[in-house]
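The values are calculated or read from the model by the stated rules, or taken from the named source; none is laboratory data. These numbers come from a predicted model, not from an experiment. Positions of Cβ are generated from backbone atoms using ideal geometry, with glycine treated the same way; all protein chains shown enter the neighbour counts.
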Amino acid sequence: MNLREFLPRSLWLAPLGLSLVFVLGVLAWVRANEADEQEQQRQTMISDALSTEAQLRDRIDEEQAHLRQLAAALGGQKPSTATLAAHPEVNAGLRRLWQSVTWLDARNRVLAEVPEDAEAAHSDDGLSLHLTARVAPDGVLVVRYAPALMLKRGVPWWLARKYDVQLVDSADQVIASTTDSPMRAAQGPRPSYRVALTGPLRASPLTQATLTDAALELTLRDPAVNGARPLSWVLVAGFLPLIAVASWLIRRQMRQVQRAEVAGRTEAAWRRAMEDSALVALRARDFDGRLLYVNRTFCDMVGLPAEQLVGLLPPMPYWPPDALAEVAERNRRNLAGQAPREGYEAHWRHSSGRLVDVMVFESPLVDAGGRQIGWMGSIIDITERRRLEERERRQVETLAHNARLTMLGEVASTLAHELNQPLTAIASYNAGIANSLAKMGVQDELVCGALKRLGQQAEHAGRIVARIREFLTRREPRHEPCDLNEVISAAVDLLRREVQRREIGLDLALSPQAPPVLADAVLIEQVVINLVRNAADALMARAAGRHIAVSSRVAGDFVRVDVQDNGPGLAGRRVEQLCAPFYSTKSDGMGMGLAICRSIVEAHQGVLDASEAPGGGALFSFSLPLSQEIVHG
Ligand code: ADP
């Protein structure tokens, strides 16, 4: 499949592809946005963590400063619980953050402590941290405070709402937290940030060691970004199948449209091909007679292109100008729906001026909704048919005329022949009687005159008869070398249409070896025509399966021509009877056909014969001597 075919076929993929690109774009944008937001969040968290750490450090430093002031104030005084408890700085510290204040001597023995049951009072505040300050001359003041409380009081409320703020040690143990129940485990990993807070935190009052690797950890309580992410995934996941289904529907639709298009194109091409190759001319007209459509045959018939014809209103350019009124009248009749169903004949004029005989069949032109919108005409050019019919008619007429003339000649010839004898007899008897009367001495003027005139009249009649015979026999058969096969073919061709009309099968089996004969082609043609026509007449007695076989062959010194049919046969009649002048079994028969045939054949030194055909029917044949025989004979 090349690109030209592929592109329109895969067009349906375009929306799917575009949607995928769009979805990927949205996802990338969401991710970038998310990363942006996370980065921003991280930055904010870092700065929040750093500022919280600074605040806490400040706070511890502040407490340390208070403690130092207290230590300075107590310097030199006698250590006692009362002294401690009475000091306002101690009370203020306890109200703020301190859990207890303990006064130790150089050996870390407790000299005084406020409150007195400090351990018991604050045992539930979790891990404690300590601040220390030296008291002159050799004591140490230790303040114990709860980092949890410090976180709760030291971290601003908005920060505590946003983050879980925790102090964790190096072992990831929570030392203190702003929330009572850390959600860390429950909600999975949340963005958090740690900042080291080791310096001022002291776990034990006795060692100077600070809490190693303690850190301040801020954990985002409500990571809002994460909430949007699943939703976008759900939307995308929902969107893609929808687009896929829509694309599939588009594809199906496109396929259907493509199939319909192909089918439409094929059908149009078929229709065009059929209309153009039809021998029938087609024209469609509306009710006003305006030409809506013409096919190629129509254009060829009138010699005008379709562009010049379509849209034309009557009178049409192909109407013969000398019969416009008559054609217009017929056109009105046709448009009124009164055209004869069996069609009507018309004469049209080709653009070259030649007249065309046509047969027109009108039928209603119906649109797709079954509504009649005009008339559809089918037109057949019958010019050639008319010409052939005319020619055939003339041929038949000429044949009949010639046959009649020949027959008349034969009748006259027979009459002359038959009359010659009685006339001669009359003349002889007349001469005999005249002689006898002269011998008897009869001198009767009246009788002798009558006999003389009788003799003259008989002679006159004899001369007339002789002249007729001379005239009729003046056209001696013209013996010329001729191809008998050609003569037979020509005769059969003359009769072919008649034979076809009578539904008779005609077989020609002509011997190719037949040499030329010396004969009068016109007369021999008459013989063949007569024999075939007789056979055809006889065959009309059969209902079907009519058949005539004409053959020629060389037999000895003769060429023999057979005309055989499968008709009723000769019923025992012999050739002499059939060839007798005026013998006919047909109602309109003259009975001279075979007589003439016989005399023509005999004039050629030939023989005419008739017999029963082997398979039933009649077999008429004639033989003509070969030309050498005639020449040498
Ligand atoms: P016509 O044809 O006028 O009758 P024809 O001399 O040609 O005169 O024929 C004489 C008769 O011979 C016909 O009337 C017919 O009875 C008979 N005849 C001629 N040809 C055939 C044939 N092929 N089969 C049967 N009878 C025939």
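Among residues that are β-branched (V, I, T) and at pLDDT 80 or above, I426 is included. Only a single item in (1) away from the ligand (no atom under 11 Å from the Cβ); (2) outside any strand (DSSP E or B); (3) surrounded by 19 or more Cβ atoms within 10 Å (Cβ to Cβ) is not met by V550, and it is number (2).
Just checking, does segment 574-581 include any residue being within 60 Å of the chain's Cα centre (by Cα), near the ligand (Cβ under 9 Å from one of its atoms) and assigned to a loop (DSSP other than H, G, I, E, B)? No, there is no match, as no residue in segment 574-581 is within 60 Å of the chain's Cα centre (by Cα), near the ligand (Cβ under 9 Å from one of its atoms) and assigned to a loop (DSSP other than H, G, I, E, B).
Checked against (1) under 60 Å from the mean Cα position of the chain (by Cα); (2) within 16 Å of the ligand (Cβ to nearest atom); (3) touching a residue at least 40 places away in the same chain (Cβ under 8 Å); (4) assigned to a helix (DSSP H, G or I), V527 passes all but a single condition, namely (1). Could we say that P614 is assigned to a loop (DSSP other than H, G, I, E, B) and within 13 Å of the ligand (Cβ to nearest atom) here? Taking the combined requirement at face value, the residue does not satisfy it. Might you check whether a residue that is surrounded by 19 or more Cβ atoms within 10 Å (Cβ to Cβ) and modelled with pLDDT of 90 or more occurs anywhere in segment 509-521? Checked segment 509-521: no residue is surrounded by 19 or more Cβ atoms within 10 Å (Cβ to Cβ) and modelled with pLDDT of 90 or more. Criterion applied to D557, D609, D562, D588 was being over 25 Å from L484 (Cα atoms), more than 7 Å from the ligand (Cβ to nearest atom) and either in contact with a strand residue (DSSP E or B) (Cβ under 6 Å, 6 or more places away or on another chain) or among the acidic types (D, E) (or both), and the one residue passing it is D588.
One residue is enough: does segment 34-43 have a residue meeting the conditions under 30 Å from V135 (Cα atoms) and surrounded by fewer than 14 Cβ atoms within 10 Å (Cβ to Cβ)? Within segment 34-43, not a single residue is under 30 Å from V135 (Cα atoms) and surrounded by fewer than 14 Cβ atoms within 10 Å (Cβ to Cβ). Can E459 be described as of a type in the set (D, E) and under 29 Å from L594 (Cα atoms)? For E459, the condition - of a type in the set (D, E) and under 29 Å from L594 (Cα atoms) - is not met. Taking the numbered list (1) more than 8 Å from the ligand (Cβ to nearest atom); (2) under 25 Å from P625 (Cα atoms); (3) modelled with pLDDT of 90 or more; (4) not aromatic (F, W, Y) in turn, N534 passes all entries but (1). Residues in segment 464-485: is at least one polar (S, T, N, Q), assigned to a helix (DSSP H, G or I), out of contact with any strand residue (DSSP E or B) (no Cβ under 6 Å at 6 or more places or on another chain) and at pLDDT 90 or above? Scanning segment 464-485, I find no residue that is polar (S, T, N, Q), assigned to a helix (DSSP H, G or I), out of contact with any strand residue (DSSP E or B) (no Cβ under 6 Å at 6 or more places or on another chain) and at pLDDT 90 or above, so the answer is no.
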